[in-house]
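First comes the structure, then the notes that go with it.
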Amino acid sequence: MSGFRKNLFKQINIGTEKKKFSVLQKIIIFLIVTSCLIVVIESENTIYVRNEILFDNLRLVFGFLFAIEYLARVYVVGEIREYKGFFGRLSYIFSFWAIIDLLALLPFFISGINEGFLLRLFRLLRLLSFARLGKHSEAIKNIIEAISLKRTNLSFQLSSQQLCCLFHLLSCIY
């Protein structure tokens, strides 16, 4: 079974051992891009109303496929030393990109929501699946590293801006 897990790990994880994408990685990227395009098309109400059953079925199919991919990633992540064992996998589940994957996955299974704001919010969350491609980008990794190195400065600036906005709001009210 370990041989199967190791092979699946090589197929599913981008950038681990080779520069080219595996067939499985290409399929996952294709599904992510296709899902995002469907979200954009679905956002046009007249198209959605005429094809509601199709869009609902596509949402479930994509949700099922992305759920399998997410579970497969949790299964194979033990091949990375820092994620070995139960607590290693738990650590992976709460990592930044795994949380993005999970947030992008959840809206696929929420049905019956036809409220305007909530529907747009869930569509936005579904577009997070496109952000999943960012974990394979060196530029995104550099931006995240730069933000984490400067998080104290950024936190101070954000707090200062919020305080200024609060004072401005209070001055407008009174």
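Estimated at 0.36 nm per residue, the fully extended path between Ile29 and Thr46 surpasses their Cα-Cα distance by 3.3 nm. Give the calculated FRET efficiency between Arg151 and Ser2 to the nearest 0.05, with a Förster radius of 41 Å applied to their Cβ-Cβ distance. Computed FRET efficiency for Arg151 and Ser2 comes out at 0.60. By other beta-carbon atoms within 10 Å, ranking Glu69, Glu145 with the fewest at the front produces Glu145, Glu69.
Any read-out appearing in this document is the output of simple, stated calculations on the displayed coordinates, not a laboratory observation. Just so you know, these numbers come straight off a predicted model, no measurement behind them. Positions of Cβ are generated from backbone atoms using ideal geometry, with glycine treated the same way; all protein chains shown enter the neighbour counts.
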